[in-house]
Structure formats: C-alpha cells, structure tokens
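A short worksheet on the structure shown next.
What follows is calculated from the coordinates using simple rules that are stated; it is not laboratory data. What you see is a predicted model; the values in this text were computed from it and never measured. Heads up, the Cβs are rebuilt from the backbone with ideal geometry, glycines too, and the neighbour counts pull from every protein chain shown.
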Amino acid sequence: MIPLAVSIFVPDKSVSESIAQTSDEPATAEPSPSQRGKAATPAAGQPVANTEPTPDEEARLSEAMEQMSVDELFAALPGHKLPGALLARNSYLHWLFAFIAAAAYMTFLVFLASDKSAQPLHLLGLGLFTATGGIILLLVVQALAGLGFLRVRGGIIGLILLILGLIGLSYNAALSPDTGFVLSFVGFTCGVGLCEEVCKAIPILVYYRTDNQQTWRGAFLWGLASGTGFGVSEGVMYSQDFYNGISGPGIYVVRFVSCVALHAIWSGSVGISVNQRQYLLQEDHEDWWIYALAVLQMIAIPMVLHGLYDTLLKKDMEFFALVTAGASFGYLAWQISHLRTSDDEDERAAYVSQYIRSKAVAQGA
C-alpha cells in the first residue's frame, strides 16, 4: 500500500495543469534568417502587423481541434505526450511494467506455495486464465449490461436480461459525475464490485462444485493468483487508455503495485470464504438462485470494500480510500488469523489423542 499512500500525499501533476503548461509554453524554435528579417522593426510610417489571433481564427482553431481524434491531438504534441507524462501516447512500455509486476507477484506466490498447499503451475495457470478469460468475460458482461435490458420477460432468459439491465444501471450510476456519494457507492458495489469479484472467483467456484481435499491455504493462494492476473491485465488496459501520454510515473507504480495487491487481497479473501462455505456449492438444489445467493454471500465483504474504495476515489476522498485499502488487508488478516488458530487447536487435539493412545498401549503392555 506504500505507493498508494505516497500518491495521495505527493500527487502527480494533474491533467489540467499539464494542458495549461502546454498552452502557456512559448515557441522555442529558432527563426530562420529570412524570418528574422521579416520580424525586424518596421520602417517609419509602416503599420505594425497584429500577431494576435482574431476571434474568427480562434473559433476556427477550436472547431478544428474538436474534430481531431485523441491520437491526432497527441501526434501534434512534442514527444506525443503532455509535459510531465512518463510515456508517449503510442508507447508499449507499459507492457514491460505489467511483465515485471506479474513476475514479481507470481514469484512471491510460488514461495508461499512451498508448503505444498498449492501447485505453482496451478497458480500460474490461474493468473493467466483470469488475466485473459476473466477480463474478456467481464468486458462481455459490461457490453451486454450497457444495452439496457430492463423490460421484464418470463423465464430464466428474461430474468438474466433484467439482471444485466440492473448491472448496466449500476455502472451508469457509478461512472456518472453527477451522482451523489450514496448512489455512486451502490453503483460501484452492485456493478463494478459484483462483476469483478465474481469474474476473479470463477475458477475457485467451479473447482469447489465437487468435493476436494484442498485446504484454506490452497484456496487463499488460488484467490491471490486470480486477483494478481486480473489486476495486471487491468493495469495494461488503464495504461493504454488513460495514462500513456498524460500521467507521470507515480500512477504506473500505484496501478501495477498497489492496485494489483488490492485485487489479490479481495480475491484471496473470497477464496478463503469459498473454502469455508464450500458445502453451499456442493449441495444439490433445484433452484439456481440458491447457488447465486451462496456466491453472493462468499463475495459480499470484498465486494462492498471494492465498491467503497472506488467511490471514495471518485469523490476525491483519497485518504479514506487508503483507509479502506487498509481495512481490506485487515479483513484478510483476520480471516487468516482465525483459521490459523483453528488449525493450531486441531493440531493440539490430534497430539493429545495420539499421546493418550500411546499411553494406553504402553500400560496394556
């Protein structure tokens, strides 16, 4: 969380400041000899040429800029970026940042799996799956939700379309700059938080549909790997759409370090919850909505924390967003501490049982 904290207290220059600096910078090109001659003081009696643009010229320039695409605007800037931006608009260097982040996090997860609670290849596969398939599924859901299916129809298809329509409304409420805090929180929680946490949890949910011997540590590592893949892939998309050519180096560190960690924390918490409530997924139910409620129960707290974090950032309440990130880590730490205590009690009980049996055998002999 350190890069996130630093970005709050030492923020990068805003986009508006960069644009203002660009517009205020004087031309630095060296004039040619002929231009210098033309720019000399005019002879006596000759009128001085007016170099200020007329209102008509300003209007035509503004209209031309409005008709230009974003790529054309950046192509006209020196280095294809705003002053202070780290990368050019058309740069692919953010892919290197993504590779470094993925390698660092996955190496850390492989070390965590040294107790054989999870297979390293499984963790790598989970991260790759969520970074590709999970992101694609999320984009498809977002696209369908944006179509506005709100007309109630009969049957399961009608219900699915209604849910997609409600998700679309949630995204609109979350992303609209005019919505208040409460409505934005509902939108981010029921839209962004719900969809992203479900997409990250899909591999774990599918695996726990059948009985298995995986421990909570294994489920936790699976969640970390899935969240890492999602966070890195999201960082690539945000970089090429919003950061390249605009933002300084700080936002890349936050996106590929802190935001990846947050996604891993939230999905790691979901992995533990799925492991502890797996019986809800393995029971035979006639109605599918019972499974949906079980999944909602498993992702509820990370989903709410996710929605609150995004809402606070939207409302420029960065300090409280940092507090929410700390609370997310605290919730995960509480889950792990609780389960480790239970493991210690089980080990002590097994040791006592083994001691009693050994003593009984010795007395019988």
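Centre-to-centre, using Cα atoms only, segment 272-291 and segment 197-271 are separated by 23 Å. Could you compute the FRET efficiency for residue 211 and residue 242, with r as their C-beta to C-beta distance and R0 at 51 Å, rounded to 0.05? The pair residue 211/residue 242 has a calculated efficiency of 0.70.
Assuming a ≥ b ≥ c are the square roots of the Cα gyration tensor eigenvalues, decide whether segment 165-252 counts as rounded (a/c under 1.5), prolate (otherwise, with a/b larger than b/c) or oblate. Verdict is oblate for segment 165-252.
Per-residue packing, averaged as other Cβ atoms within 10 Å, sorts the ranges 218-227, 275-284 into the order 218-227, 275-284, beginning with the highest. In segment 103-337, one over the average inverse separation of all distinct C-alpha pairs is 18.4 Å, which is the Kirkwood hydrodynamic radius. Rounded to the nearest whole Hz, the Karplus-based 3J(HN,Hα) values (6.51 cos²θ - 1.76 cosθ + 1.60, θ = phi - 60°) of segment 248-258 follow the sequence x, x, x, 5, 5, 5, 4, 5, 8, 10, 5, with x at glycine and proline. Gain on full extension, evaluated as 0.36 nm per residue between residue 291 and residue 176 minus their Cα-Cα distance, stands at 38.2 nm.
Spin-label model, residue 333/residue 277: points 7 Å from Cα along the beta carbon direction are separated by 2.4 nm. For the peptides 264-272, 248-256, 2-10, 181-189, the ranking by packing is 264-272, 248-256, 181-189, 2-10, with the highest mean count of neighbouring Cβ atoms within 10 Å listed first. Given R₀ = 56 Å, what would the calculated FRET efficiency be for residue 115 paired with residue 160, taking r from the Cβ atoms and rounding to 0.05? My answer for the efficiency is 0.85.
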